[in-house]
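The values are calculated or read from the model by the stated rules, or taken from the named source; none is laboratory data. Please read these numbers as outputs of a predicted model, since none were measured by experiment. Glycine also receives a Cβ, built like all others from the backbone with ideal geometry; neighbour counts cover every protein chain displayed.
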Amino acid sequence: MTTLVLGREPTTVEALVSAARSHGLDVTGVSSDADAITHLDSGQITTFVIGGGVEQQSRTPLKQHANASGVAVSEEPLAGRDVDSYVRQVLVPQVGTDAEPVQLFDVAAGFGPIRNLVAAADPDVQWIGDRWWMFFGAANVVAEGSSFAVNLFTASLPSGAPLSSPDWTITTTADQPHRAQPLVELPEQGRWDEWLHTPSYVYGPSARSVTGERGIETMRERIYYTGSSGAEAGAEGRPYSIGVMERAGNTWVRRGEPVLRGTTATPCVFEPKVRFLEGKWRMWYLAAPKQAGPGELPEYRIEYVDSDDGLEWGPARETFPVTDNYFDAAVTPRHNGYDMIVARGPNLFATPGFPSQGLWWLGARLPSSERTAWTTDPVRILDADQGQPWYTAGVFGPCARYGDTEYDRDTLYVFFAGAANPVPRPYVFSIGRLAISQPGE
């Protein structure tokens, strides 16, 4: 979210904001009390910095207004400091941690001019080329007046924009700017991956393509995803499976069959989180007898497999048992080890006794499949049960990345999906982001 700076000299405030933004900080500046109040009421401000020159008779009501809006207040005069030192000494400490998650795509409010999306979830954020990209699954209207289906889509930040930026733009079709562009055409009805969701992008080496050709080992771009057979997938007798697609020029080519299927005990496998780490393709995923339905409690466990080529996977190992009931486990490297963010599946049917909702952090020296290698007691970084309405029914599909500027390299940005409560059908999922100080230090 944004830090708001109030100062009485417009030119100084403008220079301050310009300097802050050049360093990748999300800062807005104003010089009048009225403008400050407008921004405080917007719901987009996390910290309010009152600079020098603001009269005492203005400070008190402004601080009261900020506190009533849940905004932290800092009073820091600019006198005696140049703009750059003020940015370093004052504004940098105010950013990097979100008091509350930022809602990046508010599904309930719509997607602006885009008319074919009705939900968005499971963000996977990657630096590709000159910008940050987000892959996500979304319920979309295939044609005017038709029912919805689920497919994969992308959004991106402007070229060179820092990860802290909220300015994500959904990719649209070239000739229809009001329609989000899917990564692939939906498979035909009745296939195991008739619907595609929960994307996980990986760039790694493999001597095999998804279509079966063998050759020299080369770097490949892949997206692993959950395939489902329509709206009732995940119910008994209609299991989820995990598939993969690979970039070929400007298109993505799906492998015809799943790369991972469930077992008799846990026929559903979904929520793949795949990374190429320490010389191996590694996948953490959810295994379950079925997805919890109305009145049912979940029986979720997180399992792990690894592979030399990302296509043929070894035997499954359990990382989190069903007693933990985690729905997702996302791993990302840091300078001295690895972070894992875990989430529990959303309580879509307001079932009493459902596991507590939120996000938790664990750390390890290596990306291990063993539970004992990770932090003994997971650290809760988001309590969804006490959160904002757009995610109180649960959060899921996390992806974690460290900041990419001098000022937020120790800030962990956790992107996730949130479910509103009560949850209508089609499910109204939104995508948000939480920024926290490096938890492993």
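Listed conditions (1) touching a residue at least 40 places away in the same chain (Cβ under 8 Å); (2) closer than 17 Å to Ala435 by Cα are all met by Leu366, apart from (2). Listed by first and then second residue, the pairs with beta-carbon distance under 6 Å, at least 6 apart or on different chains, first residue in the stretch 192-220 and farther than 30 Å from Asn140 by Cβ, second outside any strand (DSSP E or B) and charged (D, E, K, R), are Ser206/Asp309; Arg208/Asp309. Residues that are assigned to a loop (DSSP other than H, G, I, E, B) and of a type in the set (Asp, Glu) within the stretch 317-365 comprise just one, Asp324. So which of Gly314, Gly295, Gly310 ends up being closer than 28 Å to Pro355 by Cβ and part of a loop (DSSP other than H, G, I, E, B)? None of the others qualify; the one that does is Gly295.
Which is surrounded by 23 or more Cβ atoms within 10 Å (Cβ to Cβ) and either small (Gly, Ala, Ser) or over 23 Å from Asp124 (Cα atoms) (or both), of Ala287, Ala316, Ala265? That would be Ala287, the only listed residue that is surrounded by 23 or more Cβ atoms within 10 Å (Cβ to Cβ) and either small (Gly, Ala, Ser) or over 23 Å from Asp124 (Cα atoms) (or both). Where strands (runs of 3 or more DSSP E) fall wholly inside the stretch 379-419, the ranges with 1 or more residues that are under 21 Å from Tyr224 (Cα atoms) and of a type in the set (Phe, Trp, Tyr) are 394-402, 411-419.
For Leu260, state whether it is farther than 26 Å from Glu188 by Cβ, in the same structural domain as Tyr338 (by the TED database) and of a type outside the set (Ser, Thr, Tyr). No: the conditions fail for Leu260. The set of residues from the stretch 380-393 being among the small types (Gly, Ala, Ser) and in contact with an Asp or Glu (Cβ under 9 Å, 6 or more places away or on another chain) comprises just one member, Gly387.
What number of residues within the stretch 1-56 satisfy the criterion of being within 25 Å of the chain's Cα centre (by Cα) and assigned to a loop (DSSP other than H, G, I, E, B)? Number of matching residues: 8. The sole residue among Ser85, Ser74 that is modelled with pLDDT of 75 or more and of a type in the set (Gly, Ala, Ser) is Ser74. Within the stretch 392-409, residues that are without any contact (Cβ under 8 Å) to a residue 24 or more places away in the chain sit with their Cβ atoms under 9 Å from residues that are outside any loop (DSSP other than H, G, I, E, B), at 6+ positions apart or across chains, in these pairs: Arg409/Tyr402.
Here is the figure for the stretch 103-124: residues that are crowded, with 23+ Cβ neighbours inside 10 Å and either of a type in the set (Lys, Arg) or not in a loop (DSSP other than H, G, I, E, B) (or both) total 6.
Of the residues making up the stretch 194-214, those that are part of a strand (DSSP E or B) and over 21 Å from the mean Cα position of the chain (by Cα) number 6.
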